[in-house]
Amino acid sequence: MKKVILTGDRPTGKLHLGHLASSLRLRLKYQIEADYDEMYVFSADMQGLTDNAKTPEKIKENVFEVIKDNLSIGLDPNKITFFVQSGIPELNELTMYYLNLVTLSRLKRNPTIKEEIKQRGFEESIPVGFLTYPISQAADITAFDANIIPVGDDQIPILEQVCEIVDTFNNTYGEALVRPKYVIPENKSSRRLPGTDGKAKMSKSAGNCIYLTDDTETVRKKVMGMYTDPNHIKIEDPGNTKDNPVFIYLDAFCKDRDKYEELKSHYEQGGLGDKAVKEYLFEVLEEMLTPIREKRAYYDTHPEIVEEIIKDGTKKAREKASEVLSRVRKQIGVEYFN
Ligand code: ATP
Ligand code: MG
């Protein structure tokens, strides 16, 4: 079977270290190993609108930005098809068919959706579009016969739901859809990077991010202000590295594993101050972010190149999605004329 990779980012803000730790780095790994037949990366603007309907300008501002973030880490537009979700109306028709295959109670049981509803304070006023975004995600994935989905671990329950939709479709109408598999990072710290405030997830919507576009001074300030172990008061106190975002970031990004292990045990024993560890983390991040910023600067000064990449990619992606939609219509029997 063909290996088709697909992932998307919501244009609700620029991309951050959490994205880099999980989905972005996995995309890059597949590209470097050339271990796939087709790869698609898209800006999920329609999904972004599901919880930002009243602030569409925020989405518009970021539609190309998230693609630029992808390009700036070294993803190659000659090897990957970049597209905008709203440029593929076929996705909406697929969503309509899939809506009938899912119950309301099943949607409400999804732990990621539950958590996000709480985080956004929707309570009983949940936009229908937001609650059903896992269904539109099933359309995004199946429209390209995608079977490899590199993500962070908050996406696991969504992908499980997508697989249920695929199974229900295939059992009801006959095999037509490809069942996807999620891929998460091997390194546990990278699966769900916490925020600089120590909260469980770095997230654009939570404002606890270090962005790929942050300049040196901003990164320094954010790192120096990071939450650490609140009980590590004096330098000689033994410290906790497990729930400490500074060490979690080091685990995710520090290439010198011996140095990381050494700092970790020193901190746990006592005698190592937060400031020194933060200085080191800052160095590690700077080394990683410098080439990303340089590439980004190129795309920032060449907006016409970015636009061309996305325009061409959207056209190409649409051709593929219409093939899959024809297959789906045929299978259901929504085909009345020759
Ligand atoms: P929003 O708050 O608007 O949902 P987000 O920061 O969660 O934004 P998404 O665009 O929803 O970002 O996620 C894109 C991809 O990045 C997904 O695969 C998701 O699992 C991954 N991801 C997002 N945040 C993190 C994180 N903190 N750690 C690891 N992976 C993450
Ligand atoms: Mg999210």
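Observations on the structure shown:
- For the stretch 147-165, the criterion of a residue being touching a Lys or Arg at 6+ places or on another chain (Cβ under 9 Å), part of a loop (DSSP other than H, G, I, E, B) and acidic (D, E) is satisfied by no position.
- For the stretch 220-239, a tally of residues being over 16 Å from L272 (Cα atoms) and surrounded by fewer than 16 Cβ atoms within 10 Å (Cβ to Cβ) returns 2.
- For the stretch 77-90, the condition of being surrounded by fewer than 20 Cβ atoms within 10 Å (Cβ to Cβ), acidic (D, E) and over 15 Å from the mean Cα position of the chain (by Cα) holds for none of the residues.
- Test: residue in the stretch 155-163 that is assigned by TED's automatic domain parsing to the domain that holds L325, closer than 27 Å to T95 by Cβ and of a type in the set (S, T, N, Q): yes
- Condition check for P134: within 16 Å of ligand 2 (Cβ to nearest atom), buried (at least 21 other Cβ atoms within 10 Å of the Cβ) and more than 26 Å from K278 (Cβ to Cβ): yes
- Among the residues of the stretch 190-233, those that are polar (S, T, N, Q) and more than 30 Å from A139 (Cα to Cα) comprise T196, N208, T213, T216, T218, T228, N231.
- Being more than 16 Å from ligand 2 (Cβ to nearest atom), farther than 21 Å from K278 by Cα and modelled with pLDDT of 95 or more is true of V178.
- In the stretch 27-61, residue farthest from P127 (Cα to Cα) [restricted to those that are within 14 Å of the chain's Cα centre (by Cα), part of a helix (DSSP H, G or I) and free of Cβ contacts under 8 Å to residues at least 60 places away in the same chain]: L28
- If the condition is being crowded, with 18+ Cβ neighbours inside 10 Å and either away from ligand 1 (no atom under 13 Å from the Cβ) or not assigned by TED's automatic domain parsing to the domain that holds K181 (or both), then the stretch 108-125 contributes only N110.
- Only a single criterion out of (1) without any contact (Cβ under 8 Å) to a residue 60 or more places away in the chain; (2) open to solvent by less than 50 Å² (accessible area, probe 1.4 Å) is not satisfied by A21, namely (1).
- Condition met for G152 (touching a Ser or Thr at 6+ places or on another chain (Cβ under 6 Å) and either over 27 Å from S322 (Cα atoms) or surrounded by fewer than 18 Cβ atoms within 10 Å (Cβ to Cβ) (or both)): yes
- Evaluated against (1) more than 14 Å from ligand 2 (Cβ to nearest atom); (2) surrounded by fewer than 22 Cβ atoms within 10 Å (Cβ to Cβ), N52 falls short on exactly one condition, (1).
- Looking only at the stretch 164-194, and only at residues there that are open to solvent by less than 60 Å² (accessible area, probe 1.4 Å) and in contact with a Pro (Cβ under 7 Å, 6 or more places away or on another chain), the one that is farthest from ligand 1 (Cβ to nearest atom): V183
- Qualifying residue in the stretch 173-193 (condition: in the same structural domain as G8 (by TED's automatic domain parsing) and out of contact with any helix residue (DSSP H, G or I) (no Cβ under 9 Å at 6 or more places or on another chain)): yes
- Residues that are open to solvent by 10 Å² or more (accessible area, probe 1.4 Å), over 17 Å from V151 (Cα atoms) and away from ligand 1 (no atom under 11 Å from the Cβ), drawn from the stretch 55-73: T55, P56, E57, K60, E61, V63, F64, E65, K68
- Scoring M96 on the criteria (1) closer than 30 Å to K242 by Cα; (2) away from ligand 1 (no atom under 14 Å from the Cβ) leaves a single failure, condition (1).
- Test: A206 is open to solvent by 60 Å² or more (accessible area, probe 1.4 Å), more than 30 Å from R327 (Cβ to Cβ) and within 16 Å of ligand 2 (Cβ to nearest atom): no
- Residue match in the stretch 250-272 (condition: in a loop (DSSP other than H, G, I, E, B) and either open to solvent by 100 Å² or more (accessible area, probe 1.4 Å) or in the same structural domain as E38 (by TED's automatic domain parsing) (or both)): yes
- Going through (1) outside the structural domain of A139 (by TED's automatic domain parsing); (2) free of Cβ contacts under 8 Å to residues at least 40 places away in the same chain one by one, S326 falls short only on (1).
The values are calculated or read from the model by the stated rules, or taken from the named source; none is laboratory data. Everything numeric in this text was worked out from a predicted model, so none of it was measured. We place every Cβ from the backbone using ideal geometry, glycine too, and count neighbours over all the protein chains shown. Just so you know, the surface numbers come from the protein's heavy atoms only, side chains and all, with ligands and any DNA or RNA stripped out. Shrake-Rupley method; radii C 1.70, N 1.55, O 1.52, S 1.80 Å.
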